[in-house]
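First comes the structure, then the notes that go with it.
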Amino acid sequence: MNIRWFASAGLFMLLSACSMPAITDSSNVVAGEASEELTVLDHHVIPRDAEIGGLKITELSGLAWDEDEQLLYAISDKGRVYHFRLKIENDLIKSVTPIFGAKLRNAKGKKLKKNQRDSEGLMVWNANNGKKGDTQLVISLEGKPRIVRFTPQGHAIADIAVPKPLRDRRKLRASNSGLESVAYHNKYGFITAPEESLKGQPKNLHTVYAAKKQWSFMAYPAENSSITAMDMMPGTNNLLVMERAWSGVLKPMVISLRRVKLDDCSDKGECKAENLKVFSSSLSVDNFEGMTPIGNNRYLIVSDDGKHDLLRTLLTLFKVD
C-alpha cells in the first residue's frame, strides 16, 4: 500500500523529507511498553533521483537479503524488482548501490497488468544454502490474493497456494488490505497475513495463516494498526512483525516492531505479541513497509516514499539482542 493519499489531507505542508530526522523511539506515545532488546544502529536515504535500468527507485514495499549472492532485493508496489550491493561495516550502512532494475513479468514474459502488479511482501528462497545461481523470489501480491515465485530478474515461475481463508478477495476488509507480507516457517511452510483482519473478525485481531495452521494476536494498540511485514527470526520459532498505524493528520504515524513467540501460543493458535520498539512522528512520515533479516541478529526496514517529492526512501538498520 502506498501513502499518496496522505497528500490530500494537507499533511505535506508540514514536511520536508530532506531535513526531517529519522524515526525516533516514542513508546510512550500510545499504549504499550517496549523492551530494550532492539537497538537502532543506522539509517540510509536512497537519493530521490536514483534509478537503475531506466526505472526510478521509488515506492519500495518489500526487502529480502540473499546471503549466497550477497545481494539485497527490493520490490515496489508498482511491480518492479531491484537489486542492490549492500556495504555494512561496524554496524553502519556505508553504501547501498543499485545494480539491477526490471518490471515483474508473467510466465509468458509479459509485464504484469496494472490490477495484478501490486507487489507487497517479499522473501528469498534458496538464499542461504551455500549455492549460487538458484535463488528465487517469493512475492505476495495485493488485490487478488496471490503468492508467486519469480526469478531474481522478475520473471514468474509458478504460483504458491494461498491459504484457503485468504483466497476470496471479497473477504478482505478493503481492496488494498490484502497480502502485505510473506515468510517461511520450517514446519508449516509459507505463511502470510492480510494487512488488516478479514471481514467478520475483530478489527484489532491479526491472524497469520499457513496452509494448515493459524496464529492470532492483538494488534498494537494504536488506531488502524496493520501488518506491513513479517519474518521468521533466524534460529528461532519467533515471528518478527512490523505494524503501521495511521489515523489522520492530527495523530502521529506509529510503527511498531513486535515479536510473537510461536512456541508460547495456545493449541488454538492464540498468541501474545511483545513490543520490541515503537516509533512515531507527527512531522516525518516514514511509511515503513519492507523488512528483512541480514545476519547476526540484524534487520533492515525500508519506507515507501509514495512517489512523492516530500517523502523519502529510508533504510533503517537495527539489531535484536
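Quick rundown of the values:
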| item | result |
| --- | --- |
| Thr24 at pLDDT below 95, surrounded by fewer than 18 Cβ atoms within 10 Å (Cβ to Cβ) and farther than 21 Å from Val138 by Cα | yes |
| Pairs, first touching a residue at least 12 places away in the same chain (Cβ under 8 Å) and part of a strand (DSSP E or B) in the stretch 117-135, second among the aromatic types (Phe, Trp, Tyr) and surrounded by 15 or more Cβ atoms within 10 Å (Cβ to Cβ), C-beta under 8 Å, six or more apart | Leu122/Tyr73; Met123/Tyr184; Val124/Trp65; Val124/Tyr73; Trp125/Tyr184 |
| Yes/no for Arg173 being in a loop (DSSP other than H, G, I, E, B) and over 24 Å from Leu262 (Cβ atoms) | yes |
| Failed item, numbered, when Ser35 is tested on (1) in contact with a Leu (Cβ under 6 Å, 6 or more places away or on another chain); (2) modelled with pLDDT of 95 or more; (3) over 25 Å from Asp159 (Cβ atoms) | (2) |
| Residue in the stretch 224-246 that is under 25 Å from Thr97 (Cβ atoms), small (Gly, Ala, Ser) and touching a helix residue (DSSP H, G or I) at 6+ places or on another chain (Cβ under 6 Å) present | no |
| Only listed residue being among the charged types (D, E, K, R) and at pLDDT 95 or above, chosen from Glu196, Glu223, Glu142, Glu180 | Glu196 |
| Residue in the stretch 104-127 that is modelled with the lowest pLDDT, counting only those that are surrounded by fewer than 17 Cβ atoms within 10 Å (Cβ to Cβ) and under 21 Å from the mean Cα position of the chain (by Cα) | Asn115 |
| Failed condition for Leu240, given (1) at pLDDT 95 or above; (2) closer than 26 Å to Lys87 by Cβ; (3) surrounded by fewer than 18 Cβ atoms within 10 Å (Cβ to Cβ) | (3) |
| Matching residues in the stretch 141-154 - criterion: being without any contact (Cβ under 8 Å) to a residue 60 or more places away in the chain, crowded, with 17+ Cβ neighbours inside 10 Å and assigned to a strand (DSSP E or B) | Leu141, Arg146, Ile147, Val148 |
| Out of Thr207, Thr292, Thr228, Thr316, sole residue that is part of a strand (DSSP E or B) and in contact with a His (Cβ under 6 Å, 6 or more places away or on another chain) | Thr316 |
| Criterion violated by Met253 - all others in (1) at pLDDT 95 or above; (2) crowded, with 22+ Cβ neighbours inside 10 Å satisfied | (1) |
| Every pair of residues 6+ apart whose Cβ atoms lie under 9 Å, when the first sits in the stretch 168-187 and is surrounded by 15 or more Cβ atoms within 10 Å (Cβ to Cβ) while the second is among the aromatic types (Phe, Trp, Tyr) | Val182/Phe190; Ala183/Phe190; Tyr184/Trp125; Tyr184/Phe190 |
| Selection within the stretch 210-225 - charged (D, E, K, R) and part of a strand (DSSP E or B) | Lys213 |
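The values are calculated or read from the model by the stated rules, or taken from the named source; none is laboratory data. None of the values given here were measured: they were computed from a predicted structure. For neighbour counting, all protein chains shown are included, and Cβ atoms are generated from backbone atoms with ideal geometry for every residue, glycine included.
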